[in-house]
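> Mind having a look at this structure? Questions to follow.
The values are calculated or read from the model by the stated rules, or taken from the named source; none is laboratory data. These numbers come from a predicted model, not from an experiment. Cβ placement follows ideal geometry from the backbone for every residue including glycine, while neighbour counts extend to all protein chains displayed. Note: areas computed on protein heavy atoms with side chains; ligands, DNA, RNA excluded. Shrake-Rupley method; radii C 1.70, N 1.55, O 1.52, S 1.80 Å.
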Amino acid sequence: MPRCKHCKKKFDAIHFNQKYCTDEECIKVWIEKAKEVQWKKRKRRIKEELRTTSDYFKEAQKWVNKFVRLRDKNKNCVSCDAPLTGKYDAGHFFSAGGHKSVALDVRNVHGQCVYCNQWEHGALYKYQKELIRRIGMEAFKEIEAKSQEEKRWDKDELKEIIHNFKKKCREIENND
């Protein structure tokens, strides 16, 4: 015999998953809870519909950066070759703000110590030499050309990127 979630009395359930008894007060509480749950679902759906492409881009950037940090955790800084320990950044060779077309391209993003990324403004001369060594001249020229293009991301494209990088991050975290 189940106990009512509201008044805690034992009652004979009419349905197998009934949580509240049939007292008037308990039914009112049950209806209010049901309305609250429905509102939360509707609010979540409305929030999702109101998200802009910019919101999706920011989230995609977050997941790409997390993936890069996980991928490069046992490597050295792309600029100064210091071991990446503690807190480190996902540094972009072609800046994420100025080159949206390659901001989410993992060939353009590598683990970089906070000092090089934030205080040395990316230490781009050293970054370029190591980047070419890591990805090759052909891939470097490819992202360099791609960085000059105008890119308009759409929501579906960004949702797919978010989904893929969440999955990649989970795989890496589960293998550790």
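> Quick one: which of LYS75/LYS167; LYS33/LYS167; LYS129/LYS159 span more than 30 angstrom between C-alpha atoms? Before the final figure, lay out the partial values.
Numbers: LYS75/LYS167 22 Å; LYS33/LYS167 34 Å; LYS129/LYS159 33 Å.
In this structure, LYS33/LYS167; LYS129/LYS159 lie more than 30 Å apart at Cα.
> Here's a follow-up. Along the positive direction of the dipole of the stretch 1-45 (beta-carbon charges: Lys, Arg +1; Asp, Glu -1; about the Cα centre), which of CYS26, GLN38, CYS4 reaches farthest?
GLN38
> Give the relative contact order (percent, whole number) for the chain; include only Cα pairs under 8 Å separated by 6+ residues. Provide the component values of the computation, followed by the final result.
Details: 193 pairs, mean separation 37.0, N = 176.
Relative contact order for the chain comes out at 21 percent.
> List residues of the stretch 18-46, by number, whose backbone nitrogen lies under 17 Å from a label position 7 Å along Cα→C-beta of PHE11.
Only 18-35 fall inside the zone, counting backbone N under 17 Å.
> Round to a whole number: what % of the accessible area of the chain belongs to carbon and sulfur, probe 1.4 Å?
Details: 6270 of 12150 Å².
That fraction is 52 percent.
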